[in-house]
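**Q** Sharing a structure here in structure tokens format.
Taken together, the values in this text are just the output of simple stated rules run on the coordinates, not laboratory data. Predicted, not measured: the structure shown is a model, and the values here were computed from it. Neighbour counts run over all protein chains shown; Cβ positions are idealised from the backbone, glycine included.
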Amino acid sequence: MSERPEKVGKYPILSEIGRGASAIVYLAEDPFNQRRVAIKAANFDSHQDEEVVRRFRKLFLNEASLAGKLVHPNIVAVYDAVVDEAMSYLVMEYVPGGTLKRFCNAARLLPIQQVVMITFKLCRAMDYAFQRGIIHRDLKPANILLSDKDDIKISDFGTAQIATNTQTQLQGFIGSPAYMAPEAISEKQPTQQSDIYSMGVVLYELLAGKLPFTAESGAAMLNKILNEDPIPLQSVRPDVPKALVDIVSKALQKDLALRYANWFDMAKDLADSFTNLDNTGVQLSATERFNLIRELSFFQPFTDQQIWEVLRSATWEVHKKGENLVLEGDIGHAFFVLISGEAYVTREGRLLSPLRKGDCFGEMAYLNQATWKRTATITATNDCELLRIQLPQLEKLSESCQLQFMKMFLQTLIERLSMTTDMLAQLRL
């Protein structure tokens, strides 16, 4: 085993995360952006077959070509790439946690609602990639990360078909046999429907804890995919709702005319099925959350990139009518933005001003820069959604993002002061 380097390029190495046939992944520090990153360093063995090394190099170049091009909350970001004879490595977003593979076991299955939410997000992310000319070609649980904050991220685009890539791309038999679509096995031109089939296998495995086809060898597996029907999902797990059984079945159709034609259609069916599951108040899509926030007056000055940054750091909360959102006298460690619904403010039992969609509250905990006791109680007038941002998380945001928050906090204070002044003037009349 090779000795761990102190640095890769300008990045100090903290530890080794894992290694494969062609690369070693390190946890590293990005001293310029003050964040942890994952470094995927090429590890081509001079004793390996020349054709194998050539193939590995193409995979690495393919992934490197995507640096900075796929900016989506559910795709692992590639920040930088260095490819030369001396050293080749990728600098990627570090996602603490692990892959979905650990939940493809009957003893560790995720709740059905969470599986639907995850798959919905993956479909939206794959549609985003496809709209940019990218077909993954190796979707599987081992290439999908679920962080310790429940963020879902697609990784490993080394085998991807990239429409704008000027490099000679890998042709022929590509992918992991158990997740390959029938047409991929036949070495036909890959399409988004090939990835949709792979997503169907992932969804089946997350629900059932096993693959739709089982075989003792890779060749036998490929033969079953081409010529047999999958094991009926309902026979493996009878409690899976019929709507999900139908979605899996449609995604796994061998006939392209019967399979989902695009990611949008599959995502729509997943969203429709979710409404019938007992998990009210959960937002399916990060994109939907983004759209809701983008419409709020509070976030109008923020750029799209800053809003995605906020979403990655914030907590999305759902509250019922009559719930106390903050309590007078409590120590404040967060501030909030009201995404939907309304709330009312009371102090010492006296009713003060209402809060409406787009209003923020709790910001004094940040502006005071000290231990701050809440001066009022805020209660939900009706069912509402909140964006909660913990103060330590706010301080980790980019300087430009923090500056936007500071501007909006000051604007909010000025508006409230003006409102108070008007009320006092009315009382004097």
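**Q** At what distance in angstrom do the alpha carbon centres of the range 289-350 and the range 172-227 lie from each other?
**A** 43
**Q** Okay, next question. Report the FRET efficiency, 1/(1 + (r/R0)^6), for D304 and Q189, where r is their Cβ-Cβ distance and R0 is 30 Å, rounded to 0.05.
**A** 0.35
**Q** About the Cα centre of the range 96-284, how large is the charge dipole given +1 on each Lys and Arg Cβ and -1 on each Asp and Glu Cβ? Please answer in debye to the nearest 20.
**A** 220
**Q** Given a Förster radius of 30 Å and the C-beta distance between E228 and D272 as r, what FRET efficiency does 1/(1 + (r/R0)^6) yield to the nearest 0.05?
**A** 0.55
**Q** Okay, moving on. Where does each of 76-84, 88-96, 345-353 land if you order them by average Cβ count within 10 Å, highest first?
**A** Ranked by mean Cβ neighbours within 10 Å, highest first: 88-96, 76-84, 345-353.
**Q** Please enumerate, by chain and number, the lysines with C-alpha under 19 Å from the C-alpha of K210, excluding those fewer than 8 residues away in the same chain.
**A** Of all the lysines, those that pass the test against K210 - Cα under 19 Å, at least 8 places apart if same chain - are K101, K140, K224, K242, K250.
**Q** Based on the alpha-carbon gyration tensor of the range 214-346, what equivalent-ellipsoid semi-axes (square roots of 5 times the eigenvalues) come out, in whole Å, largest first?
**A** 44, 19, 15
**Q** Still on this structure: What does the highest-first list of 132-144, 322-334 look like by mean Cβ count within 10 Å?
**A** 132-144, 322-334
**Q** May I ask you to sort Y11, Y344, Y197 by Cβ crowding, counting other Cβ atoms within 10 Å and putting the fewest first?
**A** Y344, Y11, Y197
**Q** Moving on. If the chain between K69 and E288 were fully stretched, how many nm would it gain, using 0.36 nm times the residue separation less the Cα-Cα distance?
**A** 76.7 nm
**Q** Further, regarding this structure: Please check which bits of the range 108-123 a label hung off D239 would reach, taking the label as a point 7 Å along Cα-to-C-beta and the cut-off as backbone N under 16 Å.
**A** Label zone hits: 108-116.
**Q** Can you give the FRET efficiency for S297 and S400, using 1/(1 + (r/R0)^6), R0 = 22 Å, r = Cβ-Cβ distance, to the nearest 0.05?
**A** That gives a FRET efficiency of 0.70.
**Q** With a Cα-only, solvent-free Debye model of the range 294-341, what are the log10 I(q)/I(0) values at q = 0.17, 0.19 Å⁻¹?
**A** Log10 I(q)/I(0), no solvent term: -0.67, -0.80.
**Q** Ok, one more. For Y344 and K254 in one chain, what is 0.36 nm times their gap in residues minus the Cα-Cα distance, to one decimal in nm?
**A** Additional length available on full extension: 26.8 nm.
**Q** Enumerate the amide H contacts of S353 below 5 Å, restricted to partners 5 or more residues apart or on another chain; note that Pro and chain-start residues carry no placed amide H.
**A** Correct list: V345.
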